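The values are calculated or read from the model by the stated rules, or taken from the named source; none is laboratory data. Not measured: the values here are computed from a predicted model. With ideal geometry, Cβ positions are generated from the backbone for all residues, glycine too; neighbour counts draw on all protein chains shown. Protein only, heavy atoms only, side chains kept; ligands, DNA and RNA dropped before computing areas. Shrake-Rupley method; radii C 1.70, N 1.55, O 1.52, S 1.80 Å.
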Amino acid sequence: MADTSIENREEFERQLVRKIDLRLLPILLIMYILNHMDRTKINIARIAGMEADLHLDGNAYNWSLSIFFFGYIILEVPSNLLLAKTRPSLYIPSIMFIWACISMAMAAVQNFEGLMAARFFLGRCVAEAGFFPGCLFLLSSWYKKHELAIRTAIFYCGSLISGAFGGLLAFGITDGLSHSPGGLAPWRWLFLIEGLATVIVAIIAVFILPDFPSTTKWLTDEERNFATARLLEGRVAVEHKSEWSFRSIIAVLKDWHIYLLVYMNVTAGTISYFMPTLVKNLGYISTTAQLMTAPPYLFAVVCALINAIHSDRKKERMWHIVVPMTVAMIGFILNATVTNSSVLYFAIFLCAAGIWSAVPTILSWTQNIISEPDEKRAVAISTLNMIGNLSSVYGAQLYPSSDGPRYIPGHSANAVFCAFAVILAFTLQFLQREAAKKLEDPEMRDENVNDRMDVKG
């Protein structure tokens, strides 16, 4: 139990959580906005002239997307294991600085081979691979289980905000720098400007980003002890040991929960890279298409936050995945079957809001179920993201230019993936309840105790 001698314990805890929020969430949100801009601005560069300048056909562009994730996927688990043994305040900004430098170098690419090489090293670099799961692990090290969904959603909305305002930024660059004095193509300015902004934020983050509750220096002794104790009440590991152990990897691979959770997450990466192209195919010119991508992203931000707030308040996860995924499935079905431009644009809203509302809840459910020990939690988070990012590999192949402008096979496949996610959410809920019944039996109580969850499915 946390220190019961503290007067007005609940008020003290609220003030502490607010202090943690103000210190942790704004900087992580800004960092993820820039991370997602750096990773996905290639789709904006495509319609801003890169495809023509580098003489890319549809398949060449798709492969430039896919190759990024080969190295990215391989390095996610090792990176999170390393983070669990180091200082996040140094590790995360350092990898951010590295990827920013690589991203800026992409402005010098002259052909398809150069683009593939740059994208490969950007993905292979531990920077991009370690950032997202590392930030999720850091969040799970500071908050109780029923506090995680909204914080995860706030952080995750960084990708949606970058999707919205990345289009606006691209419009400003393509319109304002189309006749730049140096003759540099607008899409090259895009890589330089966003990369430089990321370098600056990475340096600032070193002085703002906290470490773990038990070691951070900007809390008082009383606050530090309380922050650690309240996590122990919620069965979240707070001790970060120095020794390395690959038993945590084996433990995750043997945990059946992770396989159901990761397959719920397979649609998240299949639409963001093609949003500008899908909107452009509705009949808008390039710059207008970039502007018209913003509303679906902003709508998704609102829906994701509402879904996460409600999920935490109700301490419930399953329905907050099932409903959004069903909405996304309807959106993909409309995209595959309707030809009216207004309805198709509305369907993009449904797809964006549905998928991106469900993902933060899936991530939170993972951290709820596998909360300790800390190494296992780190591996579980990175494994979920690693396999989820496979969607970005095959997703890039679901929308070849030859299928445009309707992209019926890609939309149909995503509709099936959403339906499958709904079935898996119901299945996980059922299996969780059956496992809880077994744990109530004294003879079964010693099995899988560490994976019990103090929020409902």
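Miscellaneous remarks
- Helices (runs of 4 or more DSSP H) (entirely within the range 277-351) containing at least 3 residues that are of a type outside the set (A, V, I, L, M, F, W, C) and under 19 Å from PHE417 (Cα atoms): 319-337
- Flag not set for LEU115, criterion: within 19 Å of the chain's Cα centre (by Cα) and either surrounded by fewer than 22 Cβ atoms within 10 Å (Cβ to Cβ) or more than 22 Å from ILE208 (Cβ to Cβ) (or both).
- Residue in the range 236-257 that is modelled with the highest pLDDT, counting only those that are outside any loop (DSSP other than H, G, I, E, B) and buried (at least 20 other Cβ atoms within 10 Å of the Cβ): HIS257
- Considered as a group, the residues in the range 187-217 that are open to solvent by 50 Å² or more (accessible area, probe 1.4 Å) and in a loop (DSSP other than H, G, I, E, B) include one that is nearest to GLU51 (Cα to Cα), and that residue is VAL206.
- Residue list for the range 323-364, restricted to those being β-branched (Val, Ile, Thr) and open to solvent by 10 Å² or more (accessible area, probe 1.4 Å): VAL323, THR326, VAL327, ILE330, ILE333, THR337, VAL338, THR339, VAL343
- Residue in the range 218-235 that is most open to solvent (accessible area, probe 1.4 Å), counting only those that are at pLDDT below 90 and basic (Lys, Arg): ARG235
- Filtered residue count, the range 316-368, keeping only those that are closer than 18 Å to LEU260 by Cβ, modelled with pLDDT under 95 and hydroxyl-bearing (Ser, Thr, Tyr): 3
- Out of LEU65, LEU90, LEU56, LEU136, sole residue that is modelled with pLDDT of 75 or more, closer than 22 Å to LEU160 by Cβ and either in the same structural domain as SER214 (by the TED database) or part of a helix (DSSP H, G or I) (or both): LEU136
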